[in-house]
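Q: Quick one: the structure is below, and I'll ask about it shortly.
The values are calculated or read from the model by the stated rules, or taken from the named source; none is laboratory data. These numbers come from a predicted model, not from an experiment. Cβ coordinates were reconstructed from backbone atoms using ideal geometry, including for glycine residues, and neighbour counts include every protein chain displayed. For the accessible areas, the whole protein counts, side chains as well, though only heavy atoms, and no ligand, DNA or RNA atoms are used. Shrake-Rupley method; radii C 1.70, N 1.55, O 1.52, S 1.80 Å.
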Amino acid sequence: ASAVLGESESMPEGTPVCKGHDFDSSRDCSSELLDALINSLSTTGFQATHLGKAIKRIEEMRKWRLSDIEWKEGDDPALRPMEVRRRIRARIMMGYTSNQISCGQREVIKFLVKHKMVDTIVTTAGGVEEDLIKCMQDTFLGDFKLDGASLRKKGINRIGNLLVPNKNYCDFEDWFTPLLTKMHDEQDKMWKEWAVEVAKLVSSNSDEELPKKFVWTPSKIIERMGKEINHEDSVAYWAYKNKIPIFCPALTDGSVGDMLFFHSYKRPGLVVDINEDVRRVNDMAIQSHGTGMIILGGGIVKHHLCNANLMRNGADFSVFVNTAQEFDGSDSGASPDEAKSWGKIRINADPVKICGDATIIFPLIVSQTFAKNVEKWEKEVSECVCWVEDLQP
């Protein structure tokens, strides 16, 4: 056979062996079955192995402390004491597309936000409004093959195999429209106060800098929505409670955008500043001694988070879960290695991409990482920060 196939080189010592789960070892269906099954995936091969790697990568980003890295000459002297380095952890930055909120993944994401397990979020317009709509009306299970024309006549919208009646969006409009008017009133009130202060400076020929002018941003609007919805099922509510910013650079690309459009005809003048938000999310990445990215899906949420980490020469830990491929050159399908070429992921990092449905993959990841020893983890990070200047004196 060697004459046909050629001689094989010996595999390096320690090379993992492909082996799946042995159900004979856990036939009693004990509570440890899930843990044992998922633990075996790392040696199963294909995307199962990538799932195992993703679990390891997320555990690494959660356990990382600046004390894992030796202080060297030229570093900030404030970072030299080991007790300081032990209190600095990685900032975990999460991104997800709107379908992750439309489906039952919302409850998984809510768990992370409720327990302060992520530090910032980037999502799309649907990732905001579908969360709030579910506080008012239910989303239903349907089928991928339901006829679109028939559903249209019934006033029912299809998201994959989910069904959302038009009434859900009407209720959301009834809730958000008065809030939009209220926010516009608040903007105008603060602008008048700002104008008075500016007039005083001008009349006195003062050289003082102009006072900062208040503007709404997508993250401020979402924070306000979370406050006003006041519902414990909501991701936005817990983000508001725990001061976790939700960024949405494409806030106008959905029902919120429709209402901003209608509002602009009834009452022009409301300003939503995306520039302040891009400064804020980029600063969060820059002002971090370590960062980890967890991104479900592609498009704008993937690029926005990666681009923020570009500002700090790349993320230290990265896990991507999506079904997009790189043959068309899209950023959605771009591999983590391509991101390294841009400086979005550090060149010495070991990122993971899982090609698969996040609704299956991410709950399994959470079951083996964030959901374990919650109280212990909360205690461990209670005195930690992501940036040295945030340490309490």
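Residue-by-condition table, conditions (1) open to solvent by 90 Å² or more (accessible area, probe 1.4 Å); (2) under 14 Å from M293 (Cα atoms):
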position	(1), (2)
F320	no, yes
I345	no, yes
D350	yes, yes
T359	no, no
L364	no, no
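Q: Next question. Return the residues of the stretch 1-53 that are at pLDDT 90 or above, of a type in the set (V, I, T) and loosely packed, with under 10 Cβ neighbours inside 10 Å; say none if nothing qualifies.
A: Hits for the stretch 1-53 are T15, V17.
Q: Looking at the stretch 20-125, what helices (runs of 4 or more DSSP H) fall wholly within it and have at least 1 residues that are more than 16 Å from I365 (Cα to Cα), in contact (Cβ under 8 Å) with a residue 60 or more places away in the chain and not acidic (D, E)?
A: 82-85, 99-102, 105-114
Q: Could we say that K153 is farther than 27 Å from L305 by Cα and open to solvent by 50 Å² or more (accessible area, probe 1.4 Å) here?
A: yes
Q: Let me ask something else about it. Of the residues E73, E130, which is out of contact with any strand residue (DSSP E or B) (no Cβ under 7 Å at 6 or more places or on another chain) and either basic (K, R) or under 19 Å from V388 (Cα atoms) (or both)?
A: Of E73, E130, the one residue that is out of contact with any strand residue (DSSP E or B) (no Cβ under 7 Å at 6 or more places or on another chain) and either basic (K, R) or under 19 Å from V388 (Cα atoms) (or both) is E73.
Q: Taking the criterion of being farther than 30 Å from V256 by Cβ, modelled with pLDDT of 95 or more, surrounded by fewer than 18 Cβ atoms within 10 Å (Cβ to Cβ) and not hydroxyl-bearing (S, T, Y), would at least one residue in the stretch 106-118 satisfy it?
A: no
Q: Would you confirm whether any residue within the stretch 369-387 is open to solvent by 30 Å² or more (accessible area, probe 1.4 Å), in a loop (DSSP other than H, G, I, E, B) and closer than 26 Å to I101 by Cβ?
A: Yes, the stretch 369-387 contains at least one residue that is open to solvent by 30 Å² or more (accessible area, probe 1.4 Å), in a loop (DSSP other than H, G, I, E, B) and closer than 26 Å to I101 by Cβ.
Conditions (1) in contact with an Asp or Glu (Cβ under 8 Å, 6 or more places away or on another chain); (2) closer than 28 Å to I221 by Cα; (3) not in a helix (DSSP H, G or I), marked per residue:
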site	(1), (2), (3)
D143	no, no, yes
F172	yes, yes, no
K189	no, yes, no
N205	no, no, yes
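Q: Here is a further query. Just wondering, is there one or more residues in the stretch 229-236 that are without any contact (Cβ under 8 Å) to a residue 12 or more places away in the chain and either assigned to a helix (DSSP H, G or I) or open to solvent by less than 20 Å² (accessible area, probe 1.4 Å) (or both)?
A: No, the stretch 229-236 contains no residue that is without any contact (Cβ under 8 Å) to a residue 12 or more places away in the chain and either assigned to a helix (DSSP H, G or I) or open to solvent by less than 20 Å² (accessible area, probe 1.4 Å) (or both).
Q: Out of L151, L201, L163, report the one residue that is farther than 23 Å from L251 by Cβ and outside any helix (DSSP H, G or I).
A: Among L151, L201, L163, only L163 is farther than 23 Å from L251 by Cβ and outside any helix (DSSP H, G or I).
Q: Now a separate question. What number of residues within the stretch 187-219 satisfy the criterion of being open to solvent by less than 50 Å² (accessible area, probe 1.4 Å) and among the charged types (D, E, K, R)?
A: 1
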